[in-house]
Structure formats: C-alpha cells, structure tokens
1. Any residue that is in contact (Cβ under 8 Å) with a residue 40 or more places away in the chain and in contact with a helix residue (DSSP H, G or I) (Cβ under 7 Å, 6 or more places away or on another chain) - is there at least one of those in region A:89-98?
2. I need a count of the residues in region B:237-247 that are at the interface with chain A (Cβ under 7 Å from one of its Cβ atoms) and outside any helix (DSSP H, G or I).
3. For region A:97-112: of the residues being at pLDDT 95 or above and among the polar types (S, T, N, Q), which is nearest to A:Leu170 (Cα to Cα)?
4. Can you tell which of A:Glu169, A:Glu155 is under 30 Å from A:Pro88 (Cβ atoms) and of a type outside the set (A, V, I, L, M, F, W, C)?
5. Give, as residue ranges, the helices (runs of 4 or more DSSP H) completely inside region B:190-236 that count at least 3 residues that are within 7 Å of chain A (Cβ to nearest Cβ) and in contact (Cβ under 8 Å) with a residue 24 or more places away in the chain.
6. Determine whether A:Met241 is under 27 Å from A:Ser20 (Cβ atoms), in contact (Cβ under 8 Å) with a residue 40 or more places away in the chain and not assigned by TED's automatic domain parsing to the domain that holds A:Ile118.
7. Does region B:248-260 include one or more residues that are under 21 Å from A:Leu265 (Cα atoms), more than 7 Å from every other protein chain (Cβ to nearest Cβ) and touching a residue at least 12 places away in the same chain (Cβ under 8 Å)?
8. Here is a list: B:Ala266, B:Ala280. Which entry is buried (at least 21 other Cβ atoms within 10 Å of the Cβ), within 7 Å of chain A (Cβ to nearest Cβ), under 28 Å from A:Thr263 (Cβ atoms) and at pLDDT 95 or above?
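The values are calculated or read from the model by the stated rules, or taken from the named source; none is laboratory data. Keep in mind the model is a prediction, meaning the values are calculated, not measured. Please note: Cβ atoms are built from the backbone with ideal geometry, for glycine as well, and neighbour counts cover all protein chains shown.
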Protein chains: 2
Amino acid sequence: MDTLKINKVVIFGIGLIGGSFSLALRKANAVTGVVGFGRSAANMQQALQLGIIDRIGQDIAAEVSDADLILLATPVGQMAELLARIAPHLGAHTLITDGGSTKGDVVRDAYAQLGNKIAQFVPAHPIAGAEQSGAAAAGPDLYAGKKVILTPLPENSPAAVARVRHAWELCGAMVNELTPTQHDEIFAAVSHLPHLLSFALVHDLAQRDNRDLLLSFAASGFRDFTRIAASSPEMWRDICMANRDALLKELQIYIAELNQLSTALAAGDVEKLEQTFHTAQQLRAGWTEK
Amino acid sequence: MDTLKINKVVIFGIGLIGGSFSLALRKANAVTGVVGFGRSAANMQQALQLGIIDRIGQDIAAEVSDADLILLATPVGQMAELLARIAPHLGAHTLITDGGSTKGDVVRDAYAQLGNKIAQFVPAHPIAGAEQSGAAAAGPDLYAGKKVILTPLPENSPAAVARVRHAWELCGAMVNELTPTQHDEIFAAVSHLPHLLSFALVHDLAQRDNRDLLLSFAASGFRDFTRIAASSPEMWRDICMANRDALLKELQIYIAELNQLSTALAAGDVEKLEQTFHTAQQLRAGWTEK
C-alpha cells in the first residue's frame, strides 16, 4: 500500500463513518475501487448516486476475497455476525479495520470469529462524529485533523499496522496507538462517564411534576452541560454495555467524589469546596481540545 | 416612577451587573443621575470615565437618603454589611433591589439588617452574565431579552414591587416572580447542581497521574460538559454555601440516580439504561433556552 493506491476497499455500513472513509480516500486519490454493503437498500442507492461507492456488494464471499482493506463501520453490536460471515473468505493479504467507539468488545468478537486470521484485524476508533446519519451525512473532510486511535493486537505484524495506519492517515487523520484496554479506560473517563452523567441529570429532572417550570429557568450552564444528553439512546446504551467494566469503575470513583463534596457541603467546609473547584478550574481553563 | 424618569439611582458594585444596570437605564433615557460606590478606586474611576456613573459616592448616609432606587450589585457575601450601613439613612420613598444569584440568604440578611424597613427591599436575580469582570465589562444590552426573577416579600407593597419590576423592564429584561424558596430550589436543580457536578468531574481527573493522557483524548462531549468547571471557584463556593440546603437535597437525589444506573449497568439491565437515556434525550432534544 504505502505510497501506492489501495486497489480495492470493502466497507460495511455506509453512514457517516464508512461513507466519509471512502470519500476521504477518493479525495486523496488513494483508492481504485470501493464496494459497499449495508442493510438499507435506499441508503445504499443514495451512496451509489452520491459517488461514495462504486458498486453495491451482492456477494460477501466474492468481494472480501480480493479486497486490500475492509472497514467495519456498522454499529458495534453487528460486528460479530459480520466477522463470522467474512472470516471464511478473507484473502491472504486482506486487512480489516473498524470504526467502533469501544475496543475491548470488538477485539473479543474478532478473536472469537477470526480465529487464526486474527493478525489481519487492526482495530481502530476514529474520534469524529457521534451520530450515524446515513450516507448523506458523509463528507471527504470528516477525518481531517481528527484523531484516530489504533489498538493493535500482539498478532498484528508491524507491516499490517503500518498499512492500516497509512489508510487512516490518507484520510487526513492523526493516528495514535493504545492497547484496547487503555483505550476503553481512557474513553470511560473522558467520554462515556460524562455522557452517563448528563443523561442522568436530565432524566432526574424529567421525573418531576415541575419539570417545565425548572427548564424554563435553565440557562447557558445547563445548556452546555446537557448537550450530550440529546445523543442517541440506543448508541449510548450499547457503548455503556460494551465498556461497562471500565465505566462502572469510573462511576464508582465519581460517586465517591460526590459523597465527599456532599459531606463538605453539609459540614460547611468552605475550604474543601473552594480547593476542589479551584483545582478543577485551573485544569479546565488550561485545557483546549486538540 | 412608572413612565416617569427615576431621579436618582445609587449602585453598590460597578461591575458587569451594576454597570450594565446603569447603562441600560441611561440607554432607555430613564434615569437622571447615577451614583456609584465600590471598593476598587481604579474601577470606580474607570466607571466614571466610561460614563457609567455620574459621580463616585463618598458619603453613604447622604447618598441613600434621597435615592429613588438602590441596587446592591456586590458579591452576595458583602450585602449584609452594606445593608447595615444603608439601613439607618434610607429615605422613606427609597427602594432597594439586588443582583444576587441566591435569594434565601440575601433575604435573611435583609430582614436582620433592615428591620422595620424590610418592605423597601424587593430582591432580584438577573439571569445574565456569570462573571464579575469590572466596569469595563458592562454594557447597555446585557439584560435585553434576559430573565430577571423578582422574589417579593410579604411586606412589599404591590406598588413597591411594580416600581422595581418597571426598573428592570426598562433595562430590557423579562421579569418573573417566584418566592425566595422557589427560586433557590429551582436554581439548585438547573444551575448550582450542574456546576458542582462539572467541577467534580474535572477535579476527579485532576487527581490522576495520567491526567494529561486522559485530557489529550477528550473531545467535544467533554468540552461542553466541563465548560462551567472553568467558572470562578470563589463565586461558586459562595453560591453553594448560600444555597446549601437546596443543593444538598438535589445532590442526594442525583447520587441516588447514579446508584440506580450503576446497579442497572452491573446487572446488564439494557432496558433500564435505554429507558433512562431515552427519557433524557426526548426532554433535552425538545428544550431550547429562552
């Protein structure tokens, strides 16, 4: 692959993640042919008309046997079944990557389904876009300047990792590497827990008889804090379940933190409150998204 | 007052809240003279140069005896002392309002300090601007279209409430009325608790050896959720302490909510998770700040 073109890419799931991968590779003039598979016939027709894919795949066995690269861009819950269908037909030189937001569960599924072909799977998590909104949402610049995290497996050859890394870099992404466990622990803390907490606050208010009165006085602080509570319930249910060990650990730490603040507040411990707020304020004011 | 001009306004604290009150009344051509008091001589000079006030007050007794309206726009913690200094000299027709973010504590202070002049104090909370950034931050449109909540006292005459309401309306604000207790309960839920939770999450991460690694992978969800953790630690310490009964109650309800989610997650109760997220998502997606 390297500086050469990728001859054939097969993408399962032509939504924001899968469609943008194709468009980005095309923009970089880095791919010869893109074949797409998907559950919705209407979405696949649209992907074809928008020039996102060259052809709608009909026969998984035939299409994956001579592919250079396969991207799994379906919801994480569908990947085990897909891997089972792909595995028997996988070409010897074909590599697989994915776009799942959790990695431990996908890696477990891959070991179970790919068996001795596990070396051909290099897991990835592109940090770009949260909603699966169909082919129409895809664009060639989704990954430009964004992070993509690879979580290589011990079985992967350095050459396989390099080829998958290069494909994501051709999309414009900045590629980092973590282990699957590191990945899931980090995202439990900085993404999955905040989503859970935001959903929990809005759910808490939703239970109340005076919720309309409460919301009528909510302002910009509430607006920002709860923006992520408008995210897809199904997607976040799946992410929370997929990463539940790491998330439970973070949630317990956070509940302990709140219990400490509750004790300080009840005791009128103004120093503890100010110290906590000050430490947070210093860190947050000094942070900018990269 | 009504459609007539306010003859003389005295403002204590010429920052964002106090300075903007003056500029808004001037813009509406609704005030003849504005006298300012403040702790920082430099800030008061700037307020004078910027045309926010007509004169820097020297003698509280003299200035408040013939004022039509007094605005307390200092930090809430300074109001008790100010009220004590104002009380003996208050003119018979003079009304007082304030700009504090909590009301129960200010009202308690007012009863204690004003005694039988309590009817002259009509408490207010303008929902506009969170930072006290000095005279230079003030502007005539800060209150335009924003909510101001009055929490009238049983001792206030309807005419006194109407006059204070009118002054805030002249600033462009939309005025609501609540009791001080209602006010503090509502803001504990939609403002004070979210701030505490956001500070707590960032503080939790700040304790860790790998905080830089964690923050390097934080993205837009984290950014929005924690924006309010960059707020002033001193101001939020004071707000939390001033409203601690209502805030503690909200915090306990929220911790109970998190414990329920933790149990559901540990049990793999996907329906409970999805139902919780769905209820939140429906409410949040349907809400817009007014």
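1. yes
2. Looking only at that region, the number is 0.
3. A:Thr97
4. It is A:Glu155.
5. Helices (runs of 4 or more DSSP H) meeting the threshold: B:193-206.
6. In short, no.
7. yes
8. B:Ala280
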